[in-house]
Amino acid sequence: MSAAEPVDLTVADLHPALGDPALTSMNFLNEVSERHPGAVSLAAGRPYEEFFDVAAVHRHLDTFHRHLVDDLGHRPEQARRLLLQYGRTKGIVHHLIARNLAVDEGITVDPEDVVVTVGCQEAMFLVLRALRAGPADVLLAVAPTYVGLTGAARLVDLPVWPVAGGPTGVDLADLADQVRRARAAGLRPRACYLMPDFANPSGVSIDTAHRQRLLNLAAQEDLLLLEDNPYGLFHSDDGPRPPTLKALDTSRRVVYLGSFAKTVLPGARVGYVVADQRVGGPAGPVGTLADQLAMIKSMVTVNTSPIAQAVIGGRLLEHGCSLVAANTRERSAYTRNLRHLVAGLTRRFPDQPDRLAQADQPGVRWTVPAGGFFVVVTVPFEVDDALLDRSARDYGVLWTPMAHFYDDTAPVCALRLSVSAVTPEQIDVGLDRLAELITDELTRPAG
Ligand SMILES: Cc1ncc(COP(=O)(O)O)c(C=O)c1O
């Protein structure tokens, strides 16, 4: 080979996860949306952009800066260093996150057990990297599940075993069964990943009694629970929210994953993990899981941008560390949209028998979640990427095939609609177009 010859690599020589559907899914969905900029998107789970405010970002930064000097007593040069220099691996807003968890969720955590991460995505990666000790390790995850979790698991060579979700949010008999089957096969289930509040994509929530039963089962089976909670604040009724698993956790069984993408700003790329589990070494205790995660983080992103953390910190400080208080406008917009979407489906499919809380019967069905961003519509035909492409091109509406949230290739007859990034008017247009597509598919001659 001459020195001038270009270097070509093959994907077969790279990490096996590259090219895996779990990693290509998000790119594919973005590409479809870019190819059809005129299509109404009921696909994107992004927060509503009209609420973004560049001036507020400056204010948040100033608020956090003042907090460093006025509340924490840092000298000006110390405060400047904290904001602009390389920094503490576990982050600089950990104390505010701990306060937020106490105020909004009734969770008591030692700030030292919080690791501030580059989005929740990094938190998932760090946790899975730490838990995957060897080839016998597997992760259980309630299916359908968030594709970012599956992708992160692939990157650390951790197989994901699906656990049935069902109407309760997690089928405990199936969870127990999967644990036993994995162990009988000589494998070690390290944890079960789930979203107890308005899950992505199912929209299903777990009620308080079932959360308690889940914790009991996890204790019985000695299983960690990875609780991911990006949507919990966006409940659509005024009743009390069920406590998080972490709030109910009395034995450090729950690793809690947090994201500020939906409650503050996705562009800040700040999330966190609460990992208060004690870790022992051959010569005794070596600290907490948070310490171990920080060690991994120091070799991945070194530390989360302190400037981005400061923006989040400032927003927290401006609302007494309550994201509930900071998100009243967002919550009411998402609630209004969710109701509008469900009413719109009911109007457009009036001949269908009563909708069910779970879309598990023939005909066109949809879920009616009590909050969050997502509604799942089930139809009597397969919903795949080719149909999405046609929907975008010929009908001008985007949605997400539910097949993207299952870790196998079985056909899926359902799609996910998101209400977060659209107006009620856009929902109307999108639903008109979707109804046309569904009607055409239902009346299309077989073969
Ligand atoms: C369930 C779930 N977890 C995690 C994330 C990622 O959060 P972040 O943007 O903080 O990385 C998302 C984003 O959509 C999500 O839906």
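The values are calculated or read from the model by the stated rules, or taken from the named source; none is laboratory data. Values in this document were obtained by computation on a predicted structure and should not be read as measured data. Reconstructed Cβ throughout: ideal geometry from the backbone, glycine too, with neighbour counts over all protein chains shown. With ligands, DNA and RNA removed, areas are computed over all heavy atoms of the protein, side chains included. Shrake-Rupley method; radii C 1.70, N 1.55, O 1.52, S 1.80 Å.
List the aspartates and glutamates whose alpha-carbon lies under 19 Å from that of LYS262, not counting same-chain residues fewer than 8 positions away?
Result set, ordered by chain and number: GLU49, GLU50, ASP53, ASP104, GLU105, GLU122, ASP197, GLU227, ASP228, ASP237, GLU318, GLU330.
Output the peptides 280-289, 332-341 sorted from most to least packed, where packing is the average of other Cβ atoms within 10 Å over each peptide's residues.
Sorting 280-289, 332-341 by mean packing, highest first, produces 332-341, 280-289.
Just to be sure I follow: if Rg is taken over the C-alpha atoms of segment 182-314 and Rh is the Kirkwood radius over the same atoms, what is Rg/Rh?
In segment 182-314, Rg relative to Rh is 1.00.
Expressed as a whole number of Å, what is the distance separating the alpha-carbon centroids of segment 395-437 and segment 124-158?
When both Cα centres are located, 27 Å separates them.
For segment 194-239, what log10 I(q)/I(0) values come out of the Debye formula at q = 0.16, 0.17, 0.18 1/Å, with one point per alpha carbon and no solvent?
Log10 of I(q)/I(0), two decimals: -0.48, -0.54, -0.59.
Is the C-alpha gyration tensor of segment 1-84 telling us rounded, prolate or oblate? Criteria: a/c under 1.5 is rounded; beyond that, a/b larger than b/c is prolate, otherwise oblate. All intermediate terms of the calculation are to be shown ahead of the outcome.
Working: a/c = 3.29, a/b = 1.57, b/c = 2.09.
Verdict is oblate for segment 1-84.
For the chain, what is the percent of antiparallel DSSP beta bridges, rounded to the nearest 5?
50
So what is the relative contact order of segment 169-235, in percent, for Cα pairs below 8 Å that sit 6 or more residues apart?
39
Before I look further, what does segment 210-289 give for accessible area per residue, probe 1.4 Å, in whole square angstrom?
On a per-residue basis, 38 Å².
I want to verify the translational diffusion coefficient of segment 150-209 in µm²/s; compute it with Stokes-Einstein, Rh as the Kirkwood radius over Cα pairs, at 20 °C and 1.002 mPa s.
Values: Rh = 12.7 Å.
Result for D is 169 µm²/s.
Taking only Cα atoms, what is the 0 to 90° angle, nearest 10, from helix 328-348's long axis to the longest principal axis of the chain?
It works out to around 20 degrees.
If you count only protein heavy atoms with a 1.4 Å probe, what accessible area per residue comes out for segment 1-130, rounded to a whole Å²?
Accessible area per residue: 58 Å².
Using helices alone, I'd like the mean residue ellipticity at 222 nm for the chain: each DSSP H run of four-plus residues gives -39500 (n - 2.57), total over residue count, nearest 500.
Roughly -11500 deg cm²/dmol at 222 nm, from the helical runs in the chain.
Using the alpha-carbon atoms, what tilt in degrees (0 to 90, nearest 10) does helix 21-35 show relative to the longest principal axis of the chain?
Around 60 degrees separate the two axes.
Where does helix 54-66 land angle-wise versus the long Cα axis of the chain, in degrees 0 to 90, nearest 10?
20
Once a ≥ b ≥ c are taken as the square roots of the eigenvalues of the Cα gyration tensor of segment 114-266, is the result rounded (a/c under 1.5), prolate (a/b larger than b/c) or oblate (a/b not larger than b/c)? Could the numbers behind the result be given before it?
On the way: a/c = 1.72, a/b = 1.21, b/c = 1.42.
Oblate.
How big is the gap, in Å, between the Cα center of segment 92-113 and the Cα center of segment 196-219?
Result: 22 Å between the Cα centres.
Probe radius 1.4 Å, ligands and nucleic acids left out: which of ARG331, ARG75 has the largest accessible area, and how do the rest follow?
ARG75, ARG331
Students often forget the sequence filter, so: which lysines lie under 21 Å Cα-Cα from LYS90 once same-chain residues fewer than 8 apart are removed?
Cα-Cα hits under 21 Å: LYS246, LYS297.
Only bridges whose two residues both fall in segment 187-291 count here: according to DSSP, what percent of them are antiparallel, nearest 5? Each step should come with its number before you reach the end.
Working: 8 of 16 bridges.
Once the DSSP bridges in segment 187-291 are tallied, antiparallel ones form about 50 percent.
Cα convex hull of the chain: how many Å³ per residue?
Values: hull volume 91.1 nm³, N = 447.
That works out to 204 Å³ per residue.
What's the magnitude of the charge dipole for segment 14-123 around its Cα centre, counting Lys and Arg as +1 and Asp and Glu as -1 at the beta-carbon? Answer in Debye, nearest 20.
The calculation lands at about 380 debye.
Students often check this: by mean Cβ neighbours within 10 Å, which of 107-115, 22-30 ranks highest, and how do the rest follow? Can you show the working numbers first?
Values: 107-115: 19.0, 22-30: 15.9.
Averaged packing, sorted descending, gives the order 107-115, 22-30.
Pop out the carbon and sulfur fraction of the accessible area of the chain as a percent, whole number, probe 1.4 Å.
After summing per-atom areas, the C and S share lands at 54 percent.
Which one of VAL397, GLY186, PRO21 has its Cα pushed farthest toward the positive end of the charge dipole of the chain, where Lys and Arg give +1 and Asp and Glu give -1 at the Cβ?
About the Cα centre, the residue reaching furthest to the positive side is GLY186.
How much accessible area does GLU31 have with a 1.4 Å probe, in Å² rounded to the nearest 10?
The value for GLU31 is about 100 Å².
Of PHE381, PHE260, which has the most accessible area with a 1.4 Å probe, and how do the rest follow in descending order? Numbers along the way, then the final one.
On the way: PHE381 30, PHE260 0 Å².
Sorted by accessible area, descending: PHE381, PHE260.
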